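A.B. asks: Provided herewith is a single structure, encoded as structure tokens, for subsequent inquiry.
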Amino acid sequence: MASISFGNTNSGLQAGIVNGTVNAQFYLHPERPETPPTPLSTVPFRRDPYFVCRDTLLDQIHEKISVPGSRIALVGVGGVGKSQLAIEYCYRLRDRSPNTWVFWVHASNAARFEQSFRDIADQAKIPGRQDPTANLFQLVESWLRDRKRVKWLLVLDNVDDDGFLHQPSMIGQQGLQVGYPKAATKPLLDFLPRSPNGSIIITSRNKEVALKIVYHQDVIIVNPMNRSEALKLLQQKLGRLADTPDTLTLVEELEFMPLAIVQAAGYIVHRAPRCSVSQYLEKFRQSDGEATKLLHYEAGHLYRDWEAKNSIIVTWQISFDHIQQIRPSASDLLSLMSFFDRQGVSEDLLRVHREIHNEDSSSEGNKLDRSGEDTDSISEANTDDKFNDDLATLRDFSFIFVTENISVFTMHRLVQLTVRVWLKANGQIERWKEKFITRLYQRFPTGEYKNWARCRSLFPHIKSAVSQRPGSPDCLTKWATLLYKGAWYARESGNIAESRDMAYKSRRERLLMFGLEGEHTLYSTAMLASVYRLEGRWEEAEQLELQVMETSKTKLGVDHPDTLTSMANLASTFWNQGRWEEAEQLELQVMETSKTKLGVDHPDTLTSMANLASTFWNQGRWEEAEQLFVQVMETRKTKLGVDHPDTLTSMANLASTYRNQGRWEEAEQLDVQVMETRKTKLGVDHPDTLTSMANLASTFWNQGRWEEAEQLFVQVMETRKTKLGVDHPSTLTSMANLASTYRNQGRWEEAEQLFVQVMETSKTKLGVDHPDTLTSMANLASTFWNQGRWEEAEQLFVQVMETRKTKLGVDHPSTLTSMANLASTFWNQGRWEEAEQLFVQVMETRKTKLGVDHPSTLTSMANLASTFWNQGRWEEAEQLELQVMETRKTKLGVDHPDTLTSMANLAHTLRSSEQYTAAIQLMAECIQLHDRKLGPNHPHTISSKSALNEWRGKVDSPSSQLTKPPTDTKEVSILDSSSETSKRVSRPGGHPRRTIFLRLFGR
């Protein structure tokens, strides 16, 4: 065999053709000793010159790291700034201690982890690192353990998936290999030494992972920035573009999340000047779709790892994918939670009950015999464990948080949005939207008061459901019903705008599903009409109610209970428009039909009788109203019992009639009985109890018992604030009533403050032209009027009058009241002609609309007489005042307060026209009746006695000057100007059951 020689200068293996096995050993030249490097930092990021100091967190890091051999973890949701805090701390540490080594390890996966350790070995020039057979991790560990070394800090960044850290590993020529137990090396995590020389910081999105590396007390939770920090970050990133008040609003919308703020700043700066903070904010709020587009924008970030995403949405979706892989049930829970209101998701809404959970496993096959097992307890225990484990996973990733009530959870709105985007991308959005709607549909009750506690806790989720229209017909039906019930509760609790929105969408959906004549469509139509009525949009309410009524007549028949209900609702709208004749016709028809079909003593028949009585009441037909109210009350006592809520309502209605007749003792007795019974049966803070307290206060108010009225009004107001909210219509009414009491006591400043508050809140909640807003404006104007601030009063009265003319019509009772109020302002300024023109117009219109003997017509006649009196037109004044007095005696009774006022006015006129004897006799008679009816200490009694004493002292003195009538006995100064308030005081308890909603809305 021939041989080949390669010479003497070669080393290593030399071979020509080798046909057998070759065994060789390699010997490396010994490593040359290297000069030890000075301590340095391997942090791969520049220091951020715009870093916003988060001192509290940095102080916590420093405190914990100062302990020798410490390990700490910065845990928080992606994009919250964990790595940025670690970077800043590293630079601060090097500033304080240049002799400290700082090593940065990318720990997102095995490959990057290995490369980071190679970099450490190279930078520290660790001997043996170039030996391919050496265990690199062992070398670094030994180097770090060497007590002779100077101090060091090791940062493990992005330890989100720690699986590779816990598996046996080896390093060879093929690089790091994980998961080979036979490779004979320990898990990577064990190569991180606990040495007094150094400390370790890890950053992780997953608290569970962090707790495998550090102790619980060494976890630092990194939450979003506080308001000032977030604002400073945005301002620094925007520079001169941040000079706008919208910057604070924007960081609030972005929930103070640092990465989202940097994204927004990058977007704005990149597109300036065609994009500003306000434009970005407007676009972000426009819809979930627009917000998603903005949050997908990836601005260049010099201080984040190249592997990290610069979009908050993409960053979080990576975590979602990871959760779905490691725990699919937690991913499902997060998907469901993304649709609820973020502030308070209760556990009972999330738990999968067995009957729901087993829907997909109800097949007859594959059943096991578990007769000997307590399967219910096993199933419940397993379900509890699974649910709690799912919660723990989501909490570990900082996607949900537990409130002080451990059964209620919260989320960031941006997390919810990102989850929904993720679900849509994965074709799962409809599935989870329908589960969310079904959960609410099963749990949200009707809007009756007995359900308010449950409704109140669930209502924020109903508001979230409004924008989540599902796709399937079955779920659309549930969604429309859910919105209908939500509208019901919103209406009852005073959230009128939300009620309108829900009722409108419910009706629109039901129109598409069931058509115009569908039963459920009619319910939603009636609901929307009722909301329009509350808003004072009576024409729109009337159109819808006509539609419901006519359809009900055709589909159900004229005498069907639902048809009668629709007629009653339409009558209520007429009633609110002052169209009492039309209301009366409908209510008569409803009452008579109910008597025939249901019986005289049926609850709905009694309600229709009460509604008709209330119409009589508004027409001043108090005897007829009283007869009906008494009949209703007595029948309800017999059929339902004395303490039944409907019986108490009829008693309150009767008391209201007595109050308007000046029969205050009888009214007071009934008001007290109703109030005490409601306190016992319903509770002190029930809305009906509060209404009865307000009614009793109103009776005190009418008797001039201001202190007693004030005490009750204050109690009602404070309770309503607590139970219903400061801006609830009923709360505003009680505030107006209290203000009215202050005004009658001459406490103008206190009255004005309350009236202003009521007016401004009404404008915001109800709208500038809502009837209640206009009433509050008139009340404030009345307070100005009482203080002699005529110009301010006039401006408000004119605004109210013109708006009412436009909204209600020239001849509406409320419009006429505002015209009379304006006339009274002219009157006080001595502008007699202008006052006279308006008073004449009001009087003539009331004669036509209400009748000559209606109380409001008589008031307008008295006001006109007062104007004549001030112009010295004694005969004309006397004629009108005599007519008013005689009619009141007939209609109201001799001792009715209004009759007594007209007697005092006529006595003043007789005195002015030098009919001294007649004037004194009439005033003396008036005082006797005042003493008996109102009491000697009533303001009207006192002022009348004062006038009579003055007259008697001057009757023998022909040269004495005429005395102007005391303003509090003139019609103009107390009736029309306070009539706005008297409506607010007496109406709440007078007719709380105008319509029969319970049956209609119970479906």
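A.B. asks: Quick one: give the max-minus-min coordinate of the C-alpha atoms of the range 55-221 along each principal axis, largest first, in Å.
C.D. replies: Ordered largest first, the range 55-221 gives principal extents of 46, 33, 23 Å.
A.B. asks: Starting from the Cα of Lys679, draw a straight line to each of the lysines and keep only those under 19 Å, dropping any in the same chain fewer than 8 residues away.
C.D. replies: Cα-Cα hits under 19 Å: Lys450, Lys637, Lys721, Lys723.
A.B. asks: Quick one: what Rg and Dmax do you get for the chain from the alpha carbons, in Å?
C.D. replies: Gyration radius and largest Cα-Cα distance of the chain: 41.2, 168 Å.
A.B. asks: Would you calculate the separation in nanometres between label points at Lys125 and Val672, each defined as 7 Å from the Cα along the Cα-to-beta-carbon direction?
C.D. replies: 10.3
A.B. asks: Would you kindly state how much longer the chain becomes between Val798 and Glu581 on full extension, computed as 0.36 nm times their sequence separation minus their alpha carbon distance, in nm to one decimal?
C.D. replies: Between Val798 and Glu581, full extension yields an extra 75.2 nm.
A.B. asks: Helix 496-514 versus the longest principal axis of the chain: what is the Cα-based angle in degrees, 0 to 90, to the nearest 10?
C.D. replies: 80
A.B. asks: Further question on the same structure: State the extension gain, in nm to one decimal, for the chain segment bounded by Gln167 and Ala272, taking 0.36 nm per residue of separation less the distance between their alpha-carbons. Please list the in-between numbers first.
C.D. replies: Values: separation 105, 0.36 × 105 = 37.80 nm, distance 5.07 nm.
Net length gain for the segment: 32.7 nm.
A.B. asks: In addition: Based on DSSP, what percent of beta bridges with both residues in the range 55-221 are antiparallel, to the nearest 5?
C.D. replies: 20
A.B. asks: Any chance you could tell me what percent of the C-alpha pair distances in the range 713-775 go past 18 Å?
C.D. replies: Taking all Cα-Cα pairs of the range 713-775, the fraction more than 18 Å apart is 32 percent.
A.B. asks: To continue, here is another question. Calculate the length of the line joining the C-alpha centroid of the range 617-688 to that of the range 379-423, in whole Å.
C.D. replies: 52
A.B. asks: Putting +1 on Lys and Arg Cβ atoms and -1 on Asp and Glu Cβ atoms, find which of Leu948, Val75, Thr247 reaches farthest to the positive end of the dipole of the chain.
C.D. replies: Farthest along the dipole direction, towards plus: Val75.
A.B. asks: Further question: Dipole of the range 55-221 (Lys/Arg Cβ +1, Asp/Glu Cβ -1, origin at the Cα centre): which of Tyr89, Asn197, Gln60 lies farthest to the positive side?
C.D. replies: Asn197
A.B. asks: Calculate, in nm to one decimal, what Lys637 and Asp811 gain on full extension: separation in residues at 0.36 nm each, minus their alpha carbon distance. List each step's numbers first, then the result.
C.D. replies: On the way: separation 174, 0.36 × 174 = 62.64 nm, distance 3.96 nm.
Length difference between fully extended and current span is 58.7 nm.
A.B. asks: Distance between Cα centroids, the range 449-492 to the range 870-908: provide it in whole Å.
C.D. replies: 56
A.B. asks: Continuing with the same structure: How would you rank Cys926, Cys90, going from fewest to most other Cβ atoms within 10 Å of each one's own Cβ?
C.D. replies: By the 10 Å Cβ count, ascending: Cys90, Cys926.
A.B. asks: While we're on this one: Please get the size of the charge dipole for the chain, origin at its Cα centre, with Cβ charges of +1 on Lys and Arg and -1 on Asp and Glu, quoted in debye to the nearest 20.
C.D. replies: That gives the chain a dipole magnitude of about 3140 debye.
A.B. asks: I would also like to ask the following. Kindly state, to the nearest 0.05, the FRET efficiency for Lys435 paired with Val67, given R0 = 45 Å and r defined as their beta-carbon distance.
C.D. replies: Computed FRET efficiency for Lys435 and Val67: 0.40.
A.B. asks: Amide H of Ile400: which non-local residues (sequence gap of 5 or more, or other chain) have their own amide H closer than 5 Å, using H built in the peptide plane?
C.D. replies: Arg395
A.B. asks: Give me the count of lysine pairs in the range 227-310 whose alpha carbons sit under 22 angstrom apart, restricted to pairs 8 or more positions apart or on different chains. Walk me through the numbers on the way to the answer.
C.D. replies: Details: Lys237/Lys283; Lys237/Lys293; Lys237/Lys309; Lys283/Lys293; Lys293/Lys309.
Pairs that pass both the separation and distance tests number 5.
A.B. asks: Can you give the FRET efficiency for Asp389 and Lys553, using 1/(1 + (r/R0)^6), R0 = 56 Å, r = Cβ-Cβ distance, to the nearest 0.05?
C.D. replies: Numbers: r = 59 Å, r/R0 = 1.06.
Calculated value: 0.40.
A.B. asks: What ranking do His216, His461, His560, His728 get, fewest neighbouring Cβ atoms within 10 angstrom at the top?
C.D. replies: Going from sparsest to densest Cβ surroundings: His216, His560, His728, His461.
A.B. asks: Put +1 on the Cβ of each Lys and Arg and -1 on the Cβ of each Asp and Glu in the chain; which of Val672, Gly128, Cys926 then has its Cα farthest toward the positive end of the dipole?
C.D. replies: Sorting the options by dipole projection puts first Gly128.
A.B. asks: Can I ask one more? Hey, if you drop one equal point scatterer on each alpha-carbon of the range 227-310 and run the Debye formula without solvent, what base-10 log of I(q)/I(0) do you get at q = 0.12, 0.17 Å⁻¹?
C.D. replies: -0.30, -0.62
A.B. asks: Distance from the Cα centre of the range 814-845 to that of the range 527-574, in angstrom?
C.D. replies: Using only Cα atoms, the two centres lie 36 Å from each other.
A.B. asks: Would you mind working out the magnitude of the charge dipole of the range 55-221 relative to its Cα centre, with +1 at each Lys and Arg C-beta and -1 at each Asp and Glu C-beta, to the nearest 20 Debye?
C.D. replies: Charge dipole, the range 55-221, about its Cα centre: 460 debye, nearest 20.
A.B. asks: Per q in 0.17, 0.19 1/Å, what log10 I(q)/I(0) does a Debye calculation on the alpha-carbon atoms of the range 477-578 return?
C.D. replies: -0.71, -0.88
A.B. asks: Out of residues 5 or more away from Trp152 or on other chains, whose amide H comes under 5 Å of its own, with H placed 1.01 Å from N in the peptide plane?
C.D. replies: Distant-sequence amide H within range of Trp152: Trp101, Gly198, Ser199.
A.B. asks: Could you give the size of the charge dipole of the range 834-915 about its Cα centre, using +1 on the Cβ of each K and R and -1 on the Cβ of each D and E, expressed in debye and rounded to the nearest 20?
C.D. replies: 280
A.B. asks: For Arg351 and Ile318, what is the calculated FRET efficiency with R₀ set at 35 Å and r taken between the beta-carbons, to the nearest 0.05?
C.D. replies: Efficiency, rounded to the nearest 0.05: 0.80.
A.B. asks: What is the antiparallel percent of DSSP beta bridges lying wholly in the chain, to the nearest 5?
C.D. replies: 30
A.B. asks: Calculate the spin-label point distance for Leu40 paired with Arg508, positioning each point 7 Å from the Cα along the beta-carbon direction, and give it in nanometres.
C.D. replies: 6.6
A.B. asks: Determine the alpha carbon to alpha carbon distance for each of Lys505/Lys765; Lys64/Lys207; Lys433/Lys555; Lys639/Lys681; Lys435/Lys505 and list only those over 27 Å.
C.D. replies: Lys433/Lys555
Each reported figure results from applying straightforward, stated rules to the coordinates on display, with no laboratory input. Model, not experiment: these values are computed from the prediction. Using ideal geometry, Cβ is built from the backbone for each residue, glycine included, and neighbour counts are taken over all protein chains shown.
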